[in-house]
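Below: the structure, in structure tokens.
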Amino acid sequence: MTVAITKKFEKIYDGIDNMIAAANHDYTKFLDNEKMHKEFCEGWAVNEGTKYIRIISKNSVWGFVVNTENDKKFKKGDLLKSAGYNKPTRNKARGNVLEGGFRIEWTGPQYLV
């Protein structure tokens with residue numbers, strides 16, 4: 001159950017909003033329970049740091065988005081899996097919220113294949 005992110009955006013928060021909407025849509029395919037779907041959709045938090053934007057679903061970190069032009073390895077908008085509450089996995093981007101062209105699930109960014 002994955003959702004393709006195809007739209008392109010100029011503003012990073014528009015790309016994040018689109019990605020969260022896609023994760024919410026994927027959740028409806030996973031579970032047909034209106035109350036739980038509402039709780040899931042209302043459980044998002046987006047926290048901006050100096051280098052990354054942390055995406056939280058309920059009380060766990062769902063992923064990180066690079067929010068700087070000055071990263072030596074990643075581009076602004078790159079989506080990274082979480083390595084912990086305060087840091088992303090920096091092995092490879094799972095997509096880019098500004099460029100589109102990637103897939104996600106309600107559980108988070110896709111693993112590397």
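We did not get these values from a lab; they are worked out from the coordinates using the rules stated. Worth saying up front: this structure is predicted, and the values here are computed from it rather than measured. So basically every Cβ, Gly included, is an ideal-geometry build from the backbone, and we count neighbours across all protein chains shown.
Backbone geometry of the stretch 51-63 corresponds, through the Karplus equation with coefficients 6.51, -1.76 and 1.60 at θ = phi - 60°, to 3J(HN,Hα) couplings of 10, 10, 10, 8, 9, 10, 10, 6, 10, 10, 6, 8, x Hz, x marking Gly and Pro. Rounded to whole numbers, the Karplus 3J(HN,Hα) couplings from phi for the stretch 73-88 are 10, 10, 8, 4, x, 5, 9, 10, 6, 8, 9, x, 5, 10, 8, x Hz, using 6.51 cos²θ - 1.76 cosθ + 1.60 with θ = phi - 60°, and x at Gly and Pro. A crude spin-label estimate for the pair F30 and R90, with each label 7 Å from Cα along the Cβ direction, gives 2.9 nm.
Hey, for a label at Y111 modelled as a point 7 Å past Cα toward Cβ, could you say which residues of the stretch 1-21 have their backbone N under 18 Å away? 1-3, by backbone N distance to the label point.
Close amide H partners of G63, meaning residues 5 or more places away or on another chain with modelled amide H under 5 Å apart, are I55.
Taking amide H as placed 1.01 Å from N in the peptide plane, Y52 has its amide H under 5 Å from the amide H of N67, each at least 5 places away in sequence or on another chain.
Under the simplified labelling scheme, the A4-D71 pair shows an inter-label distance of 2.5 nm, with each label point 7 Å from Cα along Cα→Cβ. Taking each residue as 0.36 nm, the span from D17 to E39 lengthens on full extension beyond its C-alpha to C-alpha distance by 6.2 nm. Note on the stretch 1-61: Kirkwood hydrodynamic radius from all Cα pairs is 12.7 Å, rounded to one decimal.
Amide H contacts for I5 (H built 1.01 Å from N in the peptide plane; partners 5 or more residues away or on another chain; cut-off under 5 Å): G101, F102, R103, I104.
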